[in-house]
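Participant: Can you keep this structure in mind? I'll have questions shortly.
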Amino acid sequence: MQYDFTQGITSSAKFMKTAVLAFIVFMAITILNPFVIVGAGERGVVLTWGAVGDTILDEGLHLVVPIMQKVAITDVKIKKHEVQVVAYSKDLQTVDTVIALNYHVATDSVNKLYQEIGSDFQSRVIDPAIQESVKATTALFAAQDLIEQRPKVKDEIKKHLFDRLSSKYIVIDDFSIVNFDFSENYEKAVEQKQVAQQQALKAENELKRIKIEAEQRIAQAEAEAKAIQIQAQAITQTGGKDYVQLKAVEKWNGQLPQNMIPGGTVPFLDLTFK
């Protein structure tokens, strides 16, 4: 049996050709990378020759046209962002405010956001909106009202933020005022005012106590005077002298005096010794 070397060479050449072709295809796919993976909580903005289109890619694996198309990934998960704002109250007190904002990008508008603002929308849109909203609202309230009417202040700031950010494709999920800080002089003034109020309240309570005690003494004196008046009337009505003698009898211990004064009388007997 004779081996055909020509057929073996041809088979080897075909294998090598296939391997080279497969390698070229693999390298082309690797270099051109026509596949795009959009992760959880993300959206993909398709750019065709650099222009933003209407297509928004959801989570998952997607195929794009190499070179001609690129995909800009945008995070649409809820983010927490804290900003410190220095503003002035209506009564010109310095107010240092810390604001916490929870927000996310509107999923159906990520292409518009990317096209009109870009990926750095937080520093370009959100931070200025918070600064302006807090300053505008703080100027409407006196420093004390900012503390006492905190829920109302929060609602006003949130309303300003909603008006400014909703047109920029930002959705507000939650908003809170973390803290209000005032100048050291103002805080001392507030503390002194509270001390003065407590002292005034204490003095007022003390005055009420004195007034009540005085009223009680007056009532007691009036009662005693009334009793004396009643007794005087009783004495007059019962003959005067006889009433006094009756009272003396009630208090007498039954013993006669040891020594009698000449011309004196025996108690309660009206007898005269001469």
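Participant: Write out, first by first residue and then by second, each pair whose Cβ atoms fall under 8 Å of each other, whose residues are 6+ apart or on separate chains, and whose first residue, in the range 173-193, is assigned to a helix (DSSP H, G or I) while the second is of a type outside the set (S, T, N, Q) and at pLDDT 65 or above.
Facilitator: Short answer, once both residue conditions are applied: Y186/A143; V190/F182.
Participant: Does Q115 satisfy the condition of being in a helix (DSSP H, G or I) and either more than 30 Å from I37 (Cα to Cα) or in contact with a Cys (Cβ under 7 Å, 6 or more places away or on another chain) (or both)? If you could, list the steps in order and put the result at the bottom.
Facilitator: Details: in a helix (DSSP H, G or I): yes; either more than 30 Å from I37 (Cα to Cα) or in contact with a Cys (Cβ under 7 Å, 6 or more places away or on another chain) (or both): no.
So Q115 does not fit the description; no.
Participant: Let me ask something additional. Of all residues in the range 63-75, which are in a loop (DSSP other than H, G, I, E, B) and surrounded by fewer than 17 Cβ atoms within 10 Å (Cβ to Cβ)? Break it down stepwise before answering.
Facilitator: To start, the set of residues in the range 63-75 that are in a loop (DSSP other than H, G, I, E, B) comprises 64-68.
V65, P66, I67, M68, listed by residue number.
Participant: Identify the single condition in (1) farther than 30 Å from A136 by Cα; (2) at pLDDT 90 or above that K80 does not satisfy, given that it satisfies every other one.
Facilitator: Status for K80: all satisfied but (1).
Participant: So if I check each of D127, D54, D91, D96, which one is touching a residue at least 24 places away in the same chain (Cβ under 8 Å) and assigned to a helix (DSSP H, G or I)?
Facilitator: Details: D54 fails: assigned to a helix (DSSP H, G or I); D91 fails: assigned to a helix (DSSP H, G or I); D96 fails: assigned to a helix (DSSP H, G or I).
Just one listed residue meets the conditions, D127.
Participant: I would also like to ask the following. Out of the residues in the range 187-223 that are among the acidic types (D, E) and modelled with pLDDT of 75 or more, state the one that is farthest from L92 (Cα to Cα). Reasoning before the result, please.
Facilitator: Of the range 187-223, the ones among the acidic types (D, E) are 187, 191, 204, 206, 213, 215, 222.
Now restrict to residues that are modelled with pLDDT of 75 or more: 204, 213, 215, 222.
On the way: E204: 33, E213: 47, E215: 49, E222: 59 Å.
Here the residue is E222.
Participant: Further question: How many residues are closer than 16 Å to I78 by Cβ and among the polar types (S, T, N, Q) when one looks only at the range 110-120?
Facilitator: At the first step, the residues of the range 110-120 found to be closer than 16 Å to I78 by Cβ are 110, 113.
Retained after the next criterion (residues that are among the polar types (S, T, N, Q)): none.
The number of residues fulfilling the criteria is 0.
Participant: Take the range 101-123 and flag every residue that is closer than 17 Å to K158 by Cβ and surrounded by fewer than 15 Cβ atoms within 10 Å (Cβ to Cβ).
Facilitator: N102
Participant: So which residues in the range 130-152 are among the hydrophobic types (A, V, I, L, M, F, W, C), free of Cβ contacts under 8 Å to residues at least 40 places away in the same chain and either in a strand (DSSP E or B) or within 11 Å of I99 (Cβ to Cβ) (or both), if there are any at all?
Facilitator: Correct list: empty.
Participant: Answer with yes or no whether V20 is more than 30 Å from V178 (Cα to Cα), of a type in the set (V, I, T) and at pLDDT below 90.
Facilitator: On the way: more than 30 Å from V178 (Cα to Cα): yes; of a type in the set (V, I, T): yes; at pLDDT below 90: yes.
For V20, the condition - more than 30 Å from V178 (Cα to Cα), of a type in the set (V, I, T) and at pLDDT below 90 - is met.
Participant: Hey, among I117, I157, I126, which residue is of a type in the set (V, I, T) and within 21 Å of G44 (Cα to Cα)?
Facilitator: Details: I157 fails: within 21 Å of G44 (Cα to Cα); I126 fails: within 21 Å of G44 (Cα to Cα).
Within the list I117, I157, I126, the selection yields I117.
The values are calculated or read from the model by the stated rules, or taken from the named source; none is laboratory data. Computed from a predicted model, the values in this text were never measured in an experiment. Cβ coordinates were reconstructed from backbone atoms using ideal geometry, including for glycine residues, and neighbour counts include every protein chain displayed.
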